[in-house]
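Let me begin by presenting the structure, written as structure tokens, before commenting on it.
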Amino acid sequence: MPTTFDTTIAFIGGGNMASAIIGGLVRQGLPAARVRVVEPFAETRAKLLADHGVQALEHAGPALADAGLVVWAVKPQVFAEAAAPVRAHAAGALHLSVAAGIRSDSIARWLGSERIVRAMPNTPALVGLGMTGLFARDAVSAADRAQVEQVVATTGAALWVEQEAQLDAVTALSGSGPAYVFYFLEAMVQAGSAMGLSAAQAQQLAIGTFAGAAELARRSDEPLATLRQRVTSKGGTTYAAITSMQDAGVGPAFERAMQAAEQRARELGDEFGKA
């Protein structure tokens, strides 16, 4: 059943993440005429029109005045600059930011609004399987939260956090997480090829294994450690592989990598939130 959206939604930035959300909204019943997009690049504006039937604007203007929700899908380093022309036309809107690292205090200052939700999505949103972390400022009402959930649901699942600092951990885990999966898949494909499989065979096996294991974990009520142990018979092939990774310090190295991502998320907030 299509979802009913009762507001006009504006997007500041029309890149891949905005396009994924717009596509989901249009498929769920939001008329393209109720979508406003501000996108400076002509090629991207043309793609939005071709893919979703959405007319995009080169600059912010009075067309944003009827937007009940503004989705900020700009790069962190241009957020402050992009906010200035929007502020005059969308003062009463709810604002949803998917810009990595930019804290809500900075956004509130730039927009003159307290109705702000920060989101940390990830790239599987492009295929409707995204995982998005959400944080709302105190001025965001229950109805506002429901509206944000309705929008985010078009691209996958969502999880609210109660402290904004937790979004840095969300960024490190699920925001950057797809790259970790791709990195591990690359290693599995390379190893499979070295052991005599074709690259295509190794990739099919690796991707299928990741997808199946993730779905098994999603459906199971058992701890991840239990699921792992069931595959790991002492003295067997899996035991040899897991022991090798443990001896190489893969687990602690992976934790350090995620801590580095979390630290960089905090630095982005410091770096781009000063304007």
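Starting from the range 171-182, keep only residues that are over 15 Å from Ile207 (Cβ atoms), then list their pairs with residues that are of a type in the set (A, V, I, L, M) and in a helix (DSSP H, G or I) whose Cβ atoms are within a distance under 7 Å, requiring at least 6 positions of separation or different chains.
These pairs meet every condition: Thr171/Ala261; Thr171/Ala265; Ala172/Met258; Ala172/Ala261; Ala172/Ala265; Leu173/Met258; Ser176/Ala261.
Could you count how many residues in the range 128-159 are of a type in the set (A, V, I, L, M, F, W, C), in contact with a Ser or Thr (Cβ under 9 Å, 6 or more places away or on another chain) and assigned to a helix (DSSP H, G or I)? Let's see the steps before the verdict.
Initial filter on the range 128-159 (of a type in the set (A, V, I, L, M, F, W, C)): 129, 131, 134-136, 139-140, 142-143, 146, 148, 151-153, 157-159.
Now narrow it down to the ones that are in contact with a Ser or Thr (Cβ under 9 Å, 6 or more places away or on another chain): 129, 131, 135-136, 139, 152-153, 157-159.
Applying the additional criterion that residues be assigned to a helix (DSSP H, G or I) yields 152.
Number satisfying all stated conditions: 1.
Could you tell me which residue of the range 190-216 is nearest to Met131 (Cα to Cα), considering only residues that are surrounded by 12 or more Cβ atoms within 10 Å (Cβ to Cβ) and touching a helix residue (DSSP H, G or I) at 6+ places or on another chain (Cβ under 6 Å)?
Among those that are surrounded by 12 or more Cβ atoms within 10 Å (Cβ to Cβ) and touching a helix residue (DSSP H, G or I) at 6+ places or on another chain (Cβ under 6 Å), it is Ala206.
I need the full set of residues from the range 249-269 which are small (Gly, Ala, Ser) and within 22 Å of Arg103 (Cα to Cα), in order please.
Ala260, Ala261, Ala265, Gly269
Tell me whether the range 217-240 contains one or more residues that are in contact with a Gly (Cβ under 9 Å, 6 or more places away or on another chain), over 23 Å from Ala169 (Cβ atoms) and among the aliphatic types (A, V, I, L, M). Give the derivation first.
Initial filter on the range 217-240 (in contact with a Gly (Cβ under 9 Å, 6 or more places away or on another chain)): none.
No: the range 217-240 contains no residue that is in contact with a Gly (Cβ under 9 Å, 6 or more places away or on another chain), over 23 Å from Ala169 (Cβ atoms) and among the aliphatic types (A, V, I, L, M).
When you go through Ala248, Ala253, Ala240, Ala211 one by one, which is the residue that is under 21 Å from the mean Cα position of the chain (by Cα), more than 30 Å from Val78 (Cβ to Cβ) and modelled with pLDDT of 95 or more?
Only one candidate qualifies: Ala211.
Residues Glu114, Glu162: which one is outside any helix (DSSP H, G or I) and either over 25 Å from Glu255 (Cα atoms) or touching a residue at least 40 places away in the same chain (Cβ under 8 Å) (or both)?
It is Glu114.
For Ala50, are the conditions met, namely being under 16 Å from Val148 (Cα atoms) and hydrophobic (A, V, I, L, M, F, W, C)? Outline the logic, then answer.
Details: under 16 Å from Val148 (Cα atoms): no; hydrophobic (A, V, I, L, M, F, W, C): yes.
In short, no.
Can you find a residue in the range 121-136 that is in contact with an Asp or Glu (Cβ under 6 Å, 6 or more places away or on another chain), of a type in the set (A, V, I, L, M, F, W, C) and under 25 Å from Ala93 (Cα atoms)?
Taking every residue of the range 121-136 in turn, at least one turns out to be in contact with an Asp or Glu (Cβ under 6 Å, 6 or more places away or on another chain), of a type in the set (A, V, I, L, M, F, W, C) and under 25 Å from Ala93 (Cα atoms).
Scanning for something in a helix (DSSP H, G or I) and surrounded by 14 or more Cβ atoms within 10 Å (Cβ to Cβ), does the range 243-252 turn up at least one residue?
Within the range 243-252 (the criterion being in a helix (DSSP H, G or I) and surrounded by 14 or more Cβ atoms within 10 Å (Cβ to Cβ)), the answer is no, since none of the residues qualifies.
Filter the range 50-81 down to the residues that are assigned to a helix (DSSP H, G or I) and within 23 Å of the chain's Cα centre (by Cα), then identify the one that is farthest from Ala10 (Cα to Cα). Talk me through it step by step, then tell me what you get.
Restricting attention to the range 50-81, the residues satisfying the condition of being assigned to a helix (DSSP H, G or I) are 50-52, 62-64, 76-81.
If we keep only those that are within 23 Å of the chain's Cα centre (by Cα) too, we end up with 51-52, 76-81.
Numbers: Asp51: 17, His52: 14, Pro76: 18, Gln77: 20, Val78: 17, Phe79: 15, Ala80: 17, Glu81: 17 Å.
Checked the range 50-81; the qualifying residue farthest from Ala10 (Cα to Cα) is Gln77.
The values are calculated or read from the model by the stated rules, or taken from the named source; none is laboratory data. The shown structure was predicted, so the numbers you read here are calculated from the model rather than taken from an experiment. Note that each Cβ is placed from the backbone with ideal geometry, even for glycine, and that neighbours are counted across all protein chains shown.
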